[in-house]
Every structure is written in C-alpha cells, then in structure tokens.
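So the structure is just underneath, and the comments pick up after that.
The values are calculated or read from the model by the stated rules, or taken from the named source; none is laboratory data. All of these numbers come straight from a predicted model, not from anything done at the bench. Positions of Cβ are generated from backbone atoms using ideal geometry, with glycine treated the same way; all protein chains shown enter the neighbour counts.
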Amino acid sequence: MNKHSFKQLHSFLLLWGSQTVSQLGTAMTDYAVIIWVYSQRGTASSVTLLTVCTFLPTIFFRFLAGSMVDRQNKKRIMLIADLLAACGTLAVFVLHSADALRIWHLYVINFLLSFMNAFQEPASFVAVSLLVPKEHYARAGGLQGFSGAAVSILAPALGALLLAAGGLDLVLMIDMATFAVAFLVLLFLIRIPEPERQAAEQEPFSQTCLAGIRYLKEHTGILRITLFLAVINFLAKLGNDGMLSPFILGRTGNNQSVLGMVESFTALGVLAGSVLATAIKPPKSRTRLIFITTGLVFAGNMIQSLTSRPWLWCAAAFGSYALAAVMNVNQDILMREKVPMEMQGRVFSAKSTLQNFTIPPALLLGGLLADTVFEPFMRTDSPAQRMLSGFFGTGKGAGIGLMFFVAGIVGMLISFTRLRKPVYRELDRTETETVQKN
C-alpha cells in the first residue's frame, strides 16, 4: 500500500484495526460459550438454538434498522450498539461469577445482543462506503475478510488457552477490555462523514422502511442473487457452516483440540481467499465467479462428510472457505457499486433480511434432524445404515456427516445451474455499458 493510498484509507484503517481487536474478544467469548453449553447438554440442538437466538432479532428488525441508519448519524448508532453489546457481556460475567449462569440466560442475552446487531451491521456497512474511495472497495473488503480470518484463527487457540488459565470469567474480562479499545477509538479518533439528505428521506418512516424492498423489486438481478443466497444459507446451516461443532465433537469424542484445529484451518482459508480476492484482477463476470465458488464450497461439505481424518477435515475447510471469501468480497463489491450511497442502509438491510431469514429455521431444523433423525438412523442396524456406514462411518457424528453430504449435493446443483440464467448478466454490466444499451 503506497503512501497516498494509506492517507486515503487512514480513517478506515483506524476503524478496521480497532474493530478487529473487539471482534477477537467477542469471538473468544463465542468459542468459550459454545464449549460451555455443549459441556452442559452434549446435544447439537443446544448449540444450534444458541445460534438461532443470535440471528432472529437481527433478521426481524433489519428493515427498521436500515431506515434509521440512512436517516441518523452512523457513528452514534455504532457507539450505542457497541455499548449495549458490552453490557450483555458484563451480564454473562456477573452471572457466571455468581455461579448462577444457566443456558437459558445465554439464549436471552444473545437474543438482546442480536437486536443491537440489527442496527450495528448496516451502520458499519454504510460507514465503510463513506470512508473508503470507490477504487479501494476491493482492498477494504479484502482487509475485512483478512481480519475476520485472523480473528477466527486466533480465537479458538486463545479462547482455549484462556479457558484453561482462568476459565470463562477471564475470557469475558478480556472481551470487555477489547470492547473499550474499539469504543474509545471510534468515539475520539474517527469522523464518519454523513451523505447529503435526500428528498425521499422526508417520506413517512413506515414508507422508508420498505424502500429497500422496493429497490430490490425494481432491480431483478440483485433480488434474484439475494434469493439465491437465501437458499444457499439454508443449505449451509444444514451443512458444515451450522453443524461443524457438533460434527467434530461427536466424531472425536468431544476433542476440543481437533475442533480448534479445524476452525483454525477454516479461518486460514478465509485469510488466503481474502488476500487472493484483493490481489487478482477484477473478474469479467462477478456473478459467474459467485456461483462457481459457491458450488465448490459445497464440495468441501462432501469431502468432510466422507472422512474421519482430521487432516482431511482441515484441508477441506481451508479450500472451501478460501473460495467462500472470494465469493463474499465480490458480492460485497456488487452491492457497493450498484446501490446509491443514500440508499445503502435500507437496501443492505432488506437484502440481509431476505438473505438470512432462512438461517434460523435451518439451524433449528439441523439440530432437530441431527438429534432425532440422522444420528438415530446411523445407530440403527439396517441394510441402508450398513451401506451408508461404509461411507460415513458409525457412532456419534456419522448422521451429521450424512447431512453434510446431502446439503453438499443440493448446494452444488443449485449453484452451477444458476450459470445458465441470463437475468444475472445485467449485474455484470458497467454503468457505461448500461447507458450505451439504453
């Protein structure tokens, strides 16, 4: 990065660096809490229900949040959301210190934190668009993917180390300290410019909440790719994106070291993919790249399901998530380039709601199917079970492996068949090409 680029990205780099520190603290807490919950119950559904509580309010309140983000000060929204999130971590710390923490407490706290995240994510998305010049969008996306991967690499190792050294209380204390760093940097060192107010913002609040949906309906390509990603998210949560922890813990007899190793290789894949996405030339067709990489990601599900060897789990996780990172960076660039700045909060929120509304039912269904259908089926002696056990093994986790394989097959088929749909080609047209066509 040359000196001129560094100057242009100075405020973004401050925001990115401080938020990365905070995300590391949060990720360590998430890891430690999953281990704590699984140790209490030992079921896939107990873990997936925790994740459901993290998603539901974010999805339900995104429309409201997107409208507020476009109308209100982005920095103020981010500060308030972060402060309330820290209060949630403090509540877990107090309850655990008093030996009063129960699983249902975590469900409630995650639900409330998810409500604040509904406002924080669109505010952060628009803030980055405001802080970063258009020619640096890919670089900013790559850096965000890089930091996310670095956090995912470090969090399991550091979380396990801190759990061994001081238990869940120590992890929570460090999480609150990292929050303080990010909060103070944003409060005192970063100025986020506000876009000019548009006439449409004088509409009734109820109408502006629906503006993102109206925009998607008028732009068929973006709507179709959003609905495609909704289906992909559903299948991913039935596969290794939602069921990895119970799959690995089940197959290894609750071996946290193997889980941490696989999650670290997952993060290394995201790291490599993020670097690759910023280093390569912009693709001629971002949509084709999105569909191809998504299809190959599901191939990783199938590889993981067919083996019980940790090194193959790690290799498949690395390759899959490297491709997923490339897909996510290009999807992010499409949004930033195609959607007007003054509409990004509402469109981002509408797109995110439609794209992610399938995640909670998939997590609930995944936990239910694992505990009541696939796992019992793979423990019951039958001709079909004996045939499938040659591919997926026997014992705890074999049924979840079968789920991975089914999700992988369906995901690949849906992804690759999108390549023949002409509706997506409009998204690859530049503004100049669109004007010439018209």
Notebook entry, point to check: Picking from Asp70, Asp30, which residue would you name as being surrounded by 21 or more Cβ atoms within 10 Å (Cβ to Cβ), out of contact with any Phe, Trp or Tyr (no Cβ under 9 Å at 6 or more places or on another chain), of a type in the set (Asp, Glu) and at pLDDT 70 or above?
Noted result: Asp70
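Enumerate the helices (runs of 4 or more DSSP H) found wholly within the range 9-127, keeping only those where 3 or more residues are touching a Ser or Thr at 6+ places or on another chain (Cβ under 9 Å) and charged (D, E, K, R). Break it down stepwise before answering.
On the way: elements: 10-41, 44-60, 62-71, 74-97.
Counting at least 3 such residues, we get 62-71.
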Check: Out of the range 370-406, which residues are farther than 27 Å from Ile232 by Cβ, more than 31 Å from the chain's Cα centre (by Cα) and of a type outside the set (S, T, N, Q)?
Finding: Arg379, Asp381, Pro383, Ala384, Arg386, Met387, Gly390
Note to self: Out of Gly366, Gly395, Gly411, I need the residue that is crowded, with 17+ Cβ neighbours inside 10 Å, in contact with a Lys or Arg (Cβ under 8 Å, 6 or more places away or on another chain), touching a residue at least 60 places away in the same chain (Cβ under 8 Å) and not aliphatic (A, V, I, L, M). Which one?
What the structure shows: Gly366
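Do we find a residue being among the aromatic types (Phe, Trp, Tyr), surrounded by fewer than 19 Cβ atoms within 10 Å (Cβ to Cβ) and part of a helix (DSSP H, G or I) anywhere in the range 335-349?
Kept after step one, since they are among the aromatic types (Phe, Trp, Tyr), are these residues of the range 335-349: 348.
Okay, now just the ones that are also surrounded by fewer than 19 Cβ atoms within 10 Å (Cβ to Cβ), so none.
Checked against the condition, which is being among the aromatic types (Phe, Trp, Tyr), surrounded by fewer than 19 Cβ atoms within 10 Å (Cβ to Cβ) and part of a helix (DSSP H, G or I), the range 335-349 yields no hits at all.
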